[in-house]
Amino acid sequence: MKLSIIGSGYVGTTIAACFADLGHDVVNVDIDEDIVNALNDGQSPIHEPGLDELVEEHAGDRLRATTDYEAILDTDATFLALQTPANDDGSIDLSAVKAASTSLGETLAAKDDYHLVITKSTVIPTTTEEVVGPRVAEASGKTVGEEFDIAMNPEFQREGTAVEDFLDPDKVVVGAHTDRAFDLLGEIFIPLVERADDPHVVETGIREAEMIKYANNAFLASKISLANDLANICKEFGVDSYEVLEAVGLDSRVGSSFLAAGLGWGGSCFPKDTAAIINAARERGYEPRLLQAAVDVNDGQPVRMLDLLRERFDPEGKRVAVLGLSFKPGTDDIRGSRSIPLIEELLDAGADVVGYDPVATENMRELFPDIEYTDSAAAALVGADAALVATDWDEFAALDEQFDEMRERVVIDGRRIVTRRDGIDYESLV
C-alpha cells in the first residue's frame, strides 16, 4: 500500500521506516529540507536504537522524503504525525496539526480517488472530528465520509525502544466511523499484526481512540508518581523502597513496570499529555485532582534531591556534576528531562555546574550554553564536590574509582544505579 506521512520528527520518522519495513511504499512530507535530505540519504534525523538501520535499508526504495505535498496524491492514506506541544497554560498547541490539515486539504482538492486521513498525533478528544476533518474538507472542497474519511491511530512508542514497540506492540488502536475506513486501516496494519506476537487490535470510535492515548499515559505517569510518593514515605522511615516496590510489583493486579522510584518522569509525552488532559478536563468543569497530584509529586522529586545536597553543604561556589541529561537512557531527547530543573536550581543557588551525557550533550547545550560539559563521566567527576545522578545510563553503574577524583565525594543517586561503597558519601533519593 502507498502511504504518506506528514511530519518527520520522532514519531513520523519511526513509523515511516517501520511501515516501509512491513512492505508499504512510504513518503515522508516535511518542511525541513535538511531532514528530507537526510532521510533520502539513508540517515535518520533522530537518535533511536534500530532506526538508523531501517532508514538506511529502505531509503531510496520503499522510503523517501520530500517537501512537496503533491507526493500525497499518489498515496492511499495520510498519517498526520505532527508535534502537539503544550502551551504555557498546559493546553494543547494544535498549530502544526491545523496547518498540515489545511495543506493536506488543498492537495487533496486535485485528487479524484478516495483518501483516508489518519491522525497519529496525540490530540484531545474531538480534535480529529472538529479540527482535522473540517479543515481538510474546507480546503479540499470535499465531504468527510464521502470523498475522504478521517480516522485516529494513537502511537504507544517509548523513546529508546520505539522501533521494537511499533513492530511488536501490546495493542493496535484504530478509531473510525465508516466500514471503508476500517477496511483500509486493516490493510495498513495486517502486515504488522501478522508479524507481531499476537497484539490486541482495538477498533473503536475516533474520540475513544484519542482518549485511549491520554488515559494510557496518565495512568503510567500516575503510577510512577504513586511509586515515588510511597518511596518518599519509605525513606522517612528508613525503609528500602526498592524492596517494597519490588514485592508490590509481584501482584498481578499491579505489575512491576513503571514502579522504579526515583527522580520522576519526563520526555515528550507524559509532561505535555498529562498537562493537556488536565487542562481539557478543567475546561469542561471537572477538576482532575489525582492527575494534578501526580504532577505535583513529580515536580517535587528534583527539589527533594537538592534538599539532600543542601544537607551536606551550601551549593554556592561548589562544583556539582550532573550525570545524565536525557530524560531516559537510550535517547538524546531532553524534553521534560529531570536534569533541567536540577540545573536551574543549582545555577540559582550559585553552583558551578558540569554536565555529562553519552548522547544528549548538544541538545542540553542549546538550553544551557554557559555551563561546562565533558566527554565522559570520569571527566565530570574530577574536582567535583558532588555528583547528582539524573539518568540511569548503564555506564554510571560501572563508576567506581572515578569517584576518588572528586573533592568532597558526595553522590546523590536519583535512579538507584550507583553501587554504594566506602569512601563516598552516598545517598539514594528514595
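Here the stretch 1-145 is treated as a Stokes sphere of Kirkwood radius computed over C-alpha pairs; at 20 °C and 1.002 mPa s its diffusion coefficient rounds to 140 µm²/s.
In this rough spin-label picture, where each label sits 7 Å from Cα along the Cβ direction, the Val239-Phe219 distance is 2.6 nm.
Across Gly267, Gly330, Gly60, mean-square fluctuation computed from a Gaussian network of the chain (C-alpha pairs under 10 Å connected) peaks at Gly60. Each residue of the stretch 409-415 is assigned a 3J(HN,Hα), and the resulting list reads 6, 8, 10, 10, 9, x, 10 Hz, derived from the Karplus form 6.51 cos²θ - 1.76 cosθ + 1.60 (θ = phi - 60°), x at Gly and Pro. Taking amide H positions as modeled 1.01 Å from N, with prolines and chain starts lacking one, the residues under 5 Å from Tyr373 and 5 or more places away or on another chain are Gly355. Electrostatic tally near Leu80: other residues with Cβ closer than 11 Å to its Cβ, Lys and Arg +1, Asp and Glu -1, net +3. Three principal axis extents describe the C-alpha atoms of the stretch 332-430; from largest down they are 37, 27, 26 Å.
Each of Pro49, Ala110, Pro85 was scored by the projection of its Cα onto the charge dipole of the stretch 28-120, and the greatest displacement toward the positive side belongs to Ala110; charges sit on the C-beta of Lys, Arg, Asp and Glu. Listed values for the stretch 89-104 are Karplus-derived 3J(HN,Hα) couplings in whole Hz (6.51 cos²θ - 1.76 cosθ + 1.60, θ = phi - 60°), namely 8, x, 5, 7, 9, 9, 4, 5, 5, 5, 4, 5, 5, 5, 5, 5, and x replaces Gly and Pro. Amide H contacts of Ile92 (H built 1.01 Å from N, in plane; Pro and chain starts excluded): Asn87 sit under 5 Å, all sequence-distant by 5 or more or on other chains. Between the helical axis of 206-236 and the dominant principal axis of the chain, each derived from Cα atoms, what acute angle in degrees is found, rounded to the nearest 10? With rounding to tens, the tilt is 10 degrees. The accessible surface of the stretch 43-89, taken with every protein chain in place and a 1.4 Å probe, is 37 percent carbon and sulfur. Count Lys and Arg as plus one, Asp and Glu as minus one, and take only other residues whose Cβ is under 12 Å from that of Ala386; the net charge is then -2. Computed extension gain for Asn37 through Glu130, at 0.36 nm per residue and net of the alpha carbon distance, reaches 30.1 nm. Beyond a 18 Å Cα-Cα separation, which of these cross-linked pairs lie in this structure: Lys120/Lys272; Lys120/Lys171; Lys2/Lys98; Lys272/Lys328; Lys142/Lys213? Checking Cα-Cα distances, Lys2/Lys98; Lys142/Lys213 exceed 18 Å.
Each residue of the stretch 368-380 was assigned a 3J(HN,Hα) from its phi angle through the Karplus expression (A = 6.51, B = -1.76, C = 1.60, θ = phi - 60°), giving 10, x, 9, 8, 7, 10, 10, 9, 7, 5, 4, 5, 5 Hz with x at Gly and Pro.
Counting Lys and Arg as +1 and Asp and Glu as -1 over every other residue whose Cβ lies under 15 Å from the Cβ of Glu427, the net charge comes to 0. Expressed per residue, the C-alpha convex hull volume of the stretch 8-80 stands at 77 Å³.
In summary, the convex hull built on the alpha carbon positions of the stretch 108-251 has an orientation-averaged projected area of 11.2 nm². Run the Debye formula on the Cα coordinates of the stretch 326-387, all scatterers equal and no solvent, and tell me log10 I(q)/I(0) at q = 0.12, 0.28 1/Å. Here log10 of I(q) over I(0) equals -0.26, -1.41.
Panel note: the C-alpha atoms of the chain, placed on their principal axes, show extents of 73, 46, 39 Å (largest first).
From its DSSP helices (H runs of at least four residues, each -39,500 (n - 2.57)), the chain gives a residue-normalised ellipticity at 222 nm of -12500 deg cm²/dmol.
The values are calculated or read from the model by the stated rules, or taken from the named source; none is laboratory data. The structure presented is a predicted model; accordingly, all values stated were derived computationally and were not measured. Positions of Cβ are backbone-derived with ideal geometry, glycine not excepted, and every protein chain shown enters the neighbour counts. With ligands, DNA and RNA removed, areas are computed over all heavy atoms of the protein, side chains included. Shrake-Rupley method; radii C 1.70, N 1.55, O 1.52, S 1.80 Å.
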